[in-house]
1. Taking the convex hull of the alpha carbon atoms in region A:1-93, what volume per residue do you get, in Å³?
2. Calculate the spin-label point distance for residue A:176 paired with residue A:209, positioning each point 7 Å from the Cα along the beta-carbon direction, and give it in nanometres.
3. Note down the nm distance, to one decimal, between modelled labels 7 Å out along Cα→Cβ at residue A:108 and at residue A:72.
4. What length, rounded to one decimal in nm, is gained on full extension from residue A:195 through to residue A:100, with 0.36 nm per residue of separation minus their alpha-carbon distance?
5. Take the alpha carbon gyration tensor of region A:94-166, find the square roots of its eigenvalues, order them as a ≥ b ≥ c, and report rounded if a/c is under 1.5; if not, report prolate when a/b exceeds b/c, else oblate.
6. In degrees from 0 to 90, rounded to the nearest 10, what is the angle of the helix A:96-108 Cα long axis to the longest principal axis of chain A?
7. Using Cα atoms only, what is the angle between the long axis of helix A:146-172 and the major principal axis of chain A, expressed in degrees (0 to 90) to the nearest 10?
8. Return, for the Cα atoms of chain A, the radius of gyration and Dmax in Å, separated by a comma.
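No value in this document is a laboratory result; all are computed from the given coordinates. The structure displayed is predicted, hence computed values, not measured ones. No Cβ is skipped: glycine too gets one built from the backbone with ideal geometry, and neighbour counts run over all protein chains shown.
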């Protein structure tokens, strides 16, 4: 464990908590893409199947359980408890456009051809693009609530910090995994446009509104 | 060079 990985994990955890609290406190999930949340749930479930086969540490197990349970809770809040507030009309990105290519790529480019390894690789590829329905929703409505911007910033920072962690692990532990690195790079790049707007607008006290 | 097959990350 190094500082980049720890802060990355904490950013990830913070993002999830911000989102749950936003929905719970405002009793509304408007501006939130249910499709991105379903995709993240699929990511966690397919990646953390090793909870049943492989013990790493109490920290690792606890975080995995938190990610799976909180993402299921988020999906429940959006599609059941507060479904009247869900922006169904704007959340129109097709999930199969992300899921099917991720499956195909995971079958082709992976370390080993085993069920667990292909599912793990699929989860890495799907996570890289799972935010697209959310970014698409923001671009369709042209704005995001400030709290949603904080959520996106925390979630985007997490994989960026993991990139620094992988550089660290390459130099100090001799670890290298190109699948994680390339997917993590793509994932971080997808947030760049948003990061720019976040720093230039939200941090200056303005709402995130897309330029016309 | 080892690969990250330990899957010790989140």
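1. So the per-residue hull volume is 104 Å³.
2. 4.9 nm
3. 3.4 nm
4. 31.4 nm
5. oblate
6. Rounded to the nearest ten degrees, it is 10.
7. 20 degrees
8. 17.1, 51
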